[in-house]
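**Q** One structure coming up, written as structure tokens, with questions to follow.
The values are calculated or read from the model by the stated rules, or taken from the named source; none is laboratory data. Only a predicted model underlies this, so the values are computations on that prediction, with no experimental measurement involved. We place every Cβ from the backbone using ideal geometry, glycine too, and count neighbours over all the protein chains shown.
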């Protein structure tokens, strides 16, 4: 931990949270990720050694506690009360980033595995049928990647292989479009009208399927940032 040498709450907070990957590890843990291998999967690009170092740091500063799982064979990493109190901090930083530091994605940032996992975390549970629902995402490539969300009441699994259940709906788009819809920059109806995204489902549920997804919690801030950049561009064009 790098020290600033200042007796200031902001400096102390930056000392604890300022290392690369630290906030993203906390983001994942706030969504309930507790195992080392799961954290590694949800943080593409992090090395196992860096992840281990960051987890040890978070334990030392009292944000994370390490426990054995039920069979005593593997470790679970859980946020302490101090760690859970970071939820509004993480949301505030994300909203600021969406409004002031977001822009067009770099193709290297568009990871279909990751965005489908994120989508699975933002379901509108109160609007889903009280039965098993299966939604497939076909992300065009090359190569084409397919994912199945198996949604049970109050539970969801992301499958990389066909789970063998009847599919209620299929979303088909490229990774960029799926990211833009998830983040709120591109409204789902607009993506459909433009042909960038296709939704295949039975006519009886065509209106209901889009309401099953809440999309990103940062979407309002993303749209605010888009509007601000558009206004700035228009003003520059008139100058």
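**Q** Go through the stretch 103-136 and count every residue that is touching a helix residue (DSSP H, G or I) at 6+ places or on another chain (Cβ under 9 Å) and within 14 Å of residue 216 (Cα to Cα).
**A** Going through the stretch 103-136 one residue at a time, the tally reaches 9.
**Q** Of (1) over 24 Å from residue 99 (Cβ atoms); (2) in contact with a helix residue (DSSP H, G or I) (Cβ under 9 Å, 6 or more places away or on another chain); (3) assigned to a helix (DSSP H, G or I), residue 222 satisfies all except one. Which?
**A** In the conditions (1) over 24 Å from residue 99 (Cβ atoms); (2) in contact with a helix residue (DSSP H, G or I) (Cβ under 9 Å, 6 or more places away or on another chain); (3) assigned to a helix (DSSP H, G or I), residue 222 misses (1) alone.
**Q** Conditions: (1) under 19 Å from residue 181 (Cβ atoms); (2) at pLDDT 95 or above; (3) not in a helix (DSSP H, G or I). Residue 78 meets all but one. Number of the miss?
**A** (1)
**Q** Could you run through the stretch 169-194 and say how many residues are in a loop (DSSP other than H, G, I, E, B) and under 18 Å from residue 122 (Cβ atoms)?
**A** From the stretch 169-194, those in a loop (DSSP other than H, G, I, E, B) are 184-187, 194; that's our starting set.
Checking which are under 18 Å from residue 122 (Cβ atoms) leaves us with 184-187.
So the answer is 4.
**Q** Given the residues 234, 238, 228, which is the only one that is over 23 Å from residue 119 (Cβ atoms) and in contact (Cβ under 8 Å) with a residue 60 or more places away in the chain?
**A** Step by step, each of 234, 238, 228 is checked, and only 228 is over 23 Å from residue 119 (Cβ atoms) and in contact (Cβ under 8 Å) with a residue 60 or more places away in the chain.
**Q** Right, something else. Exactly one condition in (1) modelled with pLDDT of 95 or more; (2) surrounded by fewer than 14 Cβ atoms within 10 Å (Cβ to Cβ) is false for residue 106; which is it?
**A** (1)
**Q** Here is a follow-up. Does residue 154 count as loosely packed, with under 11 Cβ neighbours inside 10 Å, at pLDDT 95 or above and under 21 Å from the mean Cα position of the chain (by Cα)?
**A** Details: loosely packed, with under 11 Cβ neighbours inside 10 Å: yes; at pLDDT 95 or above: no; under 21 Å from the mean Cα position of the chain (by Cα): yes.
Criteria not met by residue 154.
**Q** Something else about it: Among the numbered conditions (1) in contact with a helix residue (DSSP H, G or I) (Cβ under 8 Å, 6 or more places away or on another chain); (2) under 29 Å from residue 109 (Cα atoms), tell me where residue 50 comes up short.
**A** (1)
**Q** If you check every pair at least six apart or on different chains, which have Cβ atoms under 8 Å apart with a residue in the stretch 197-221 that is on the phi > 0 side of the Ramachandran plot first and a residue that is modelled with pLDDT of 95 or more and not in a loop (DSSP other than H, G, I, E, B) second?
**A** Every condition considered, the pairs that remain are 215/119; 215/181; 215/182; 215/183.
**Q** If you go through the stretch 124-155 one residue at a time, how many are part of a strand (DSSP E or B) and in contact with a strand residue (DSSP E or B) (Cβ under 6 Å, 6 or more places away or on another chain)? Spell out the reasoning first.
**A** Applying the first criterion (part of a strand (DSSP E or B)) to the stretch 124-155 yields 133-140, 145-152, 155.
Now narrow it down to the ones that are in contact with a strand residue (DSSP E or B) (Cβ under 6 Å, 6 or more places away or on another chain): 133-140, 145-151.
Number satisfying all stated conditions: 15.
**Q** Additional query: Among what's in the stretch 44-75 and is in a loop (DSSP other than H, G, I, E, B) and over 22 Å from the mean Cα position of the chain (by Cα), pick the residue that is nearest to residue 12 (Cα to Cα).
**A** Narrowing the stretch 44-75 to residues in a loop (DSSP other than H, G, I, E, B): 44-47, 61-63, 69-74.
Next cut, over 22 Å from the mean Cα position of the chain (by Cα) only: 61-62, 69-74.
Working: 61: 11, 62: 13, 69: 32, 70: 35, 71: 38, 72: 35, 73: 35, 74: 32 Å.
Taking the candidates together, the pick is 61.
**Q** I'm checking my understanding of the structure. Among residues of the stretch 60-75 that are in contact with a strand residue (DSSP E or B) (Cβ under 6 Å, 6 or more places away or on another chain) and modelled with pLDDT of 95 or more, which one is nearest to residue 30 (Cα to Cα)? Please lay out each step first, then the result.
**A** Quick first cut of the stretch 60-75, residues in contact with a strand residue (DSSP E or B) (Cβ under 6 Å, 6 or more places away or on another chain) only: 64-67, 69, 75.
So of that shortlist, the ones also modelled with pLDDT of 95 or more come out as 64-66.
Details: 64: 11, 65: 13, 66: 15 Å.
Filtering the stretch 60-75 for residues that are in contact with a strand residue (DSSP E or B) (Cβ under 6 Å, 6 or more places away or on another chain) and modelled with pLDDT of 95 or more, the one nearest to residue 30 (Cα to Cα) comes out as 64.
**Q** Determine which single condition residue 7 fails, assuming it passes every other condition in (1) at negative phi; (2) surrounded by 13 or more Cβ atoms within 10 Å (Cβ to Cβ).
**A** (2)
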